[in-house]
1. For the chain, take the longest principal axis of its alpha carbons; what is the angle in degrees between that and the long axis of helix 69-85, to the nearest 10 within 0 to 90?
2. Return the sequence-ordered ³J(HN,Hα) values of segment 134-148 in whole Hz as given by the Karplus equation 6.51 cos²θ - 1.76 cosθ + 1.60 applied to θ = phi - 60°, using x for Gly and Pro.
3. Please compute, for the alpha-carbon atoms of the chain, the extent along each of the three principal axes and give them in descending order in Å.
4. One quarter of the convex hull surface, Cα atoms only: what value does that give for segment 12-98 in nm²?
5. Where in segment 105-180 are there GluC sites (Glu not before Pro) that are in a DSSP coil and have at most 14 other Cβ atoms within 10 angstrom of their Cβ?
6. For segment 12-98, what relative contact order do you get, as a whole percent, if you take Cα pairs closer than 8 Å and at least 6 residues apart?
7. If amide hydrogens are placed 1.01 Å from N in the peptide plane, which non-local residues have theirs closer than 5 Å to the one on residue 111?
Amino acid sequence: MNSNVKIENVVASASLGQKFDLELITLTIDKVEYEPEQFPGLVYHLDKPKAAALIFGSGKIVCTGAKSIPEAKIAISKIIDKIQEGGTEITGKPEVIIQNVVATANLHAELNLDAIAIGLDNTEYEPEQFPGLVYRMKEPKVVLLLFGSGKIVCTGAKSVDDAEQAAINVRKKLAELGLL
């Protein structure tokens with residue numbers, strides 16, 4: 001079954017196990033924003049792949065905005081190269097950990113969110129506060145936002161496969177309950 005899932009954002013992190021001098025990095029790399037009184041890390045914007053990274057003095061890097069897992073890994077690799085070009089020696093090889101895959105899909109059917117809130121367990125639906133229904137799926141462990149239009153947003157996935165499986169599972173579950 002085609003889940004028509006589109007990856008919107010991948011958040012990945014890497015820890016280099018060493019301290020960074022953020023002032024030095026700010027002086028040696030373009031496209032960096034660093035305001036320590038407002039935020040403890042610096043923000044670095046990449047053009048290719050289009051992503052942003054938060055770089056912390058602890059040696060941790062968080063990359064967001066990538067449209068795929070390989071893109072996130074490339075972005076972190078490029079960030080590390082830039083830091084080294086700026087004069088900071090990096091001794092270890094980072095392990096890149098995927099923190100979150102955000103994806104969208106379309107069920108191509110109008111959804112009755114009131115009926116779904118009653119029929120499905122682990123849901124929250126308060127239309128006065130938010131127009132979508134929040135569904136906490138157990139397998140895979142993700143959070144789905146379902147909208148009356150049939151569009152869904154999946155967040156909390158650790159892989160593209162999890163996001164695709166979540167879209168397949170929710171379609172199947174809604175069909176079984178006669179809600180699709």
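1. 10
2. With coefficients 6.51, -1.76 and 1.60, one gets 9, 10, 8, 7, 7, 9, x, 7, 9, 10, 10, 9, 9, 10, x Hz.
3. Here the spans come out as 61, 34, 25 Å, largest first.
4. On the way: hull surface 20.0 nm².
Over every viewing direction, the Cα hull of segment 12-98 projects on average to 5.0 nm².
5. Values: sites: 110, 124, 128, 164, 176; in loops: 110, 128.
Passing sites in segment 105-180 are 110, 128.
6. Working: 150 pairs, mean separation 32.1, N = 87.
Relative contact order here is 37 percent.
7. 149, 150
Values quoted throughout were computed directly from the atomic coordinates according to the rules given, and no laboratory measurement underlies them. These numbers come from a predicted model, not from an experiment. No Cβ is skipped: glycine too gets one built from the backbone with ideal geometry, and neighbour counts run over all protein chains shown.
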